[in-house]
1. Might you check whether a residue that is within 17 Å of the chain's Cα centre (by Cα) and either closer than 22 Å to LEU229 by Cβ or without any contact (Cβ under 8 Å) to a residue 12 or more places away in the chain (or both) occurs anywhere in the range 74-95?
2. Could we say that GLU66 is out of contact with any Asp or Glu (no Cβ under 6 Å at 6 or more places or on another chain) and within 15 Å of the ligand (Cβ to nearest atom) here?
3. Looking only at residues in the range 1-55 that are of a type in the set (Val, Ile, Thr) and in contact (Cβ under 8 Å) with a residue 40 or more places away in the chain, which one is farthest from the ligand (Cβ to nearest atom)?
4. Looking at the range 13-58, which of the residues that are among the aliphatic types (A, V, I, L, M) and part of a strand (DSSP E or B) is nearest to the chain's Cα centre (by Cα)?
5. Being in a strand (DSSP E or B), out of contact with any Phe, Trp or Tyr (no Cβ under 7 Å at 6 or more places or on another chain) and of a type outside the set (Phe, Trp, Tyr), is that true of even one residue in the range 92-99?
6. Return the residues of the range 87-108 that are among the hydrophobic types (A, V, I, L, M, F, W, C), surrounded by fewer than 19 Cβ atoms within 10 Å (Cβ to Cβ) and away from the ligand (no atom under 13 Å from the Cβ); say none if nothing qualifies.
7. Considering only residues that are outside any loop (DSSP other than H, G, I, E, B) and either within 15 Å of the chain's Cα centre (by Cα) or among the basic types (Lys, Arg) (or both), which ones fall in the range 159-176?
8. I'd like to check something: does the range 111-129 contain any residue that is over 27 Å from PRO211 (Cβ atoms) and either among the aliphatic types (A, V, I, L, M) or within 16 Å of the ligand (Cβ to nearest atom) (or both)?
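Any read-out appearing in this document is the output of simple, stated calculations on the displayed coordinates, not a laboratory observation. Quick caveat, the model's predicted, so the values are computed rather than measured. In this analysis, Cβ positions are derived from the backbone assuming ideal geometry, glycine residues included, and neighbour counts consider all displayed protein chains.
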Amino acid sequence: MLHLEFSANADTLKNKVILVTGAGDGIGKQAALSYAQAGANVVLLGKTVSKLEQVYDEIMAQGLVEPSIIPLDLMGATPQHYKDMASTIKSQLGGLDGVLFNASLLGNLCPFEQIKASEYEEVMQVNVNSKFHIMQALLPVLKESNAASVIFTTSSVGRNGRAFWGTYSISKFATEGMMQILADENKKSSVRFNCINPGATRTNMRAKAYPAEKPESLKTPLDIMPSYLYLMADASKSVNGQSLDCQPK
Ligand SMILES: NC(=O)c1ccc[n+]([C@@H]2O[C@H](COP(=O)([O-])OP(=O)(O)OC[C@H]3O[C@@H](n4cnc5c(N)ncnc54)[C@H](OP(=O)(O)O)[C@@H]3O)[C@@H](O)[C@H]2O)c1
């Protein structure tokens with residue numbers, strides 16, 4: 001599979017402006033660094049400003065294109081925040097060529113009947129509703145790019161429901177659905193939409209879901225970057241409406 005062996009160089013994403021949500025930690029942090037190393041002008045969106053600043057510092061220390069920081073809590077942000085973000089990106093960075101929807105909440109793993117309504121709403125707000133509003137605001141800007149890529153992050157529980165994975169699983173099914181609708185509607189445009197399933201990866205979220213697991217047994221975010229780079233690069237220009245696995249079984 002091409003995406004598993006993809007290797008980027010310092011020019012692969014040159015002149016591309018790429019927004020990464022949840023860029024301060026875990027897979028999003030590594031993706032932001034890897035995209036910057038491939039020449040992209042990265043926009044770091046996240047909740048914890050100190051974490052975003054650390055990623056900013058790492059990118060600058062490597063002498064890469066200076067990134068931007070958008071401190072935003074996807075739980076509380078309104079459609080107006082996203083409209084303002086779209087016009088700021090357009091006016092200050094000249095456009096947008098890619099979005100990696102990476103930020104997500106796991107919520108609590110428990111039987112369906114015990115899911116708290118308030119928690120259901122919070123997880124759906126961050127994992128699904130924010131993507132809807134961000135896409136509505138950014139799609140017109142993305143369409144101005146010659147070749148734009150939108151990557152949604154899915155999970156194996158977004159393809160097959162699994163007991164006790166509750167709201168997270170429902171939110172990932174919704175994510176797959178949103179990707180498919182956008183991919184189908186826009187197949188004649190310059191914007192492509194795909195999902196990526198990282199598979200078991202060494203992050204805080206994975207440790208929360210599987211507390212007894214040995215982290216050393218898992219792939220690191222860096223290990224799975226070839227697929228993230230492939231889907232963002234022009235090499236995947238003709239790929240639309242797919243759901244790729246970084247760690248196929
Ligand atoms: N790790 C895995 O094994 C695995 C497997 C399948 C799918 N995934 C998916 O991969 C993606 C990344 O997961 P990860 O393991 O890297 O998770 P993580 O370590 O928990 O990182 C999640 C990121 O999302 C941000 N975030 C959470 N809530 C937010 C909010 N309300 N507003 C803005 N940003 C917010 C976090 O910011 P703060 O740090 O500031 O809270 C953090 O940067 C997720 O979509 C996850 O569902 C992961």
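1. No.
2. Working: out of contact with any Asp or Glu (no Cβ under 6 Å at 6 or more places or on another chain): yes; within 15 Å of the ligand (Cβ to nearest atom): no.
It is false that GLU66 is out of contact with any Asp or Glu (no Cβ under 6 Å at 6 or more places or on another chain) and within 15 Å of the ligand (Cβ to nearest atom).
3. By that ranking, first place goes to THR12.
4. Let us first name the residues in the range 13-58 that are among the aliphatic types (A, V, I, L, M), namely 13, 17-20, 23, 27, 31-33, 36, 38, 40, 42-45, 49, 52, 55.
Adding the requirement that they be part of a strand (DSSP E or B) leaves 17-20, 42-45.
Details: VAL17: 14, ILE18: 10, LEU19: 8, VAL20: 6, VAL42: 13, VAL43: 12, LEU44: 11, LEU45: 10 Å.
Selected residue: VAL20.
5. yes
6. The one that is among the hydrophobic types (A, V, I, L, M, F, W, C), surrounded by fewer than 19 Cβ atoms within 10 Å (Cβ to Cβ) and away from the ligand (no atom under 13 Å from the Cβ): LEU93.
7. SER171, LYS172, ALA174, THR175, GLU176
8. So far as the range 111-129 goes, yes, one or more of its residues are over 27 Å from PRO211 (Cβ atoms) and either among the aliphatic types (A, V, I, L, M) or within 16 Å of the ligand (Cβ to nearest atom) (or both).
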